[in-house]
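Below is one structure, written out as structure tokens; the observations come after it.
Coordinate-derived values only; no laboratory data. All values reported here derive from a predicted model rather than from experimental measurement. Cβ placement follows ideal geometry from the backbone for every residue including glycine, while neighbour counts extend to all protein chains displayed.
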Amino acid sequence: MLLRKFMENFEETRAQRVVSDYLRDETDGAARAQFMGHFLNSVFQPVFELRNKQLVVVGFEAYLRTVAGTAEIAPQHYFRSLEAEDQSFTDRLCRELHVANFLKQSRPQESLSVNITQQTLFDHQMHAEMLAEEIYHLHQLGGGRTLKPKQLNVEINLAPDLDAGLVFSFTNQLRKVNVGLTLEGFDADCASFSRIVQNKPDAVKFNRSWLDADIFSNDYINLVSNTVIAIKAVGAKAHLEHIETKDELAFAIACGFDRFQGFYLNSPHAVMQRTEIQLDM
């Protein structure tokens, strides 16, 4: 056990060295990284809330853009090409890259959501507290600029094959360091209510599957509305992503969702855009 703890600390030190070595500021003011033969860039998609018949930006989700040579590579393909230990290093590098770019654009009123991979959770299964502390210290990146408590939000996917005990161990530690939690991947076909109740997230992300049914049906609207009410009853905001049409946005509003995200509203950009959308209601 002592040897394992020593090796864990050694790997954390190595991960920090990698992050420090591979993050750099470019002439355009953005932070970028190069790791394992790929250039890594941040882009941000706004998250909206409905206020006084307007959709107002309340936060941004960070996404990775990966380039090899002149070709853009899907991030999931890039991660699959890495060894397991390098996936955790890269995952950490991406989070620090996103926070650095967020802080450069001075957004004190909006939140930042970053993802954490299943591999990272698995690698830290015996040391959830250490991982939570590493995420908490992201608040201090940015040359004097810092994130406020709960301004940083971590998203964890509700994958059925992800051990429930492992998720709970990490989310329990995350609450202790005042970092927000979103459970994403809430699926219409396999709604994970038990995990939501157990982990007490700040928000739950409903995925695209909720938009694949008859969104014009009053019965279906009532069904989804009741699901939204159930999510709110446990103290979480209901967040619908992947909104791609005007009709899907109208459906989301009719169902009482708190937060809205998708290409119909705004696509991811390197420069975060402050956008308000006036609704004809």
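A compact table of results
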{"quantity": "Square roots of five times the Cα gyration tensor eigenvalues for the chain, Å", "calculated": "32, 23, 17"}
{"quantity": "Shape category assigned to region 73-147 from the gyration tensor of Cα positions, a/c cut at 1.5", "calculated": "oblate"}
{"quantity": "Residue range of the chain that is longest and free of chymotrypsin sites (Phe, Trp or Tyr not before Pro) which are both DSSP loop and sparsely packed (at most 14 other C-beta within 10 Å)", "calculated": "1-215"}
{"quantity": "Sequence-distant residues sharing a close amide H with Ile73 (under 5 Å, placed H)", "calculated": "Thr66, Val67, Ala68"}
{"quantity": "Lysines with Cα under 23 Å of Lys53, excluding same-chain neighbours fewer than 8 positions away", "calculated": "Lys205, Lys232, Lys237, Lys246"}
{"quantity": "Angle in degrees between helix 218-233 and the longest Cα principal axis of the chain, rounded to the nearest 10", "calculated": "50"}
{"quantity": "Positive minus negative residues near Glu61 (Lys, Arg vs Asp, Glu; Cβ under 10 Å)", "calculated": "-2"}
{"quantity": "Debye-sum result for region 185-227 in log10 I(q)/I(0), which assumes one identical scatterer on each alpha carbon, at q = 0.27 Å⁻¹", "calculated": "-1.03"}
{"quantity": "Tensor-based shape of region 169-281 (alpha-carbon gyration tensor, a/c under 1.5 rounded, otherwise prolate or oblate)", "calculated": "oblate"}
{"quantity": "Amide H within-cut-off set for Glu155, under 5 Å, with H built and near neighbours excluded", "calculated": "Val114, Asn115, Ile116, Thr182"}
{"quantity": "Positive dipole terminus of the chain, leading residue within Tyr220, Tyr63, Phe79 (C-beta point charges)", "calculated": "Tyr63"}
{"quantity": "Zone of Glu26's modelled label, taken as backbone nitrogen in region 89-118 under 19 Å from a point 7 Å along Cα→Cβ", "calculated": "93-106"}
{"quantity": "Highest-fluctuation residue, Gln118, Gln54, Gln45 considered, GNM on the chain with Cα pairs under 10 Å", "calculated": "Gln54"}
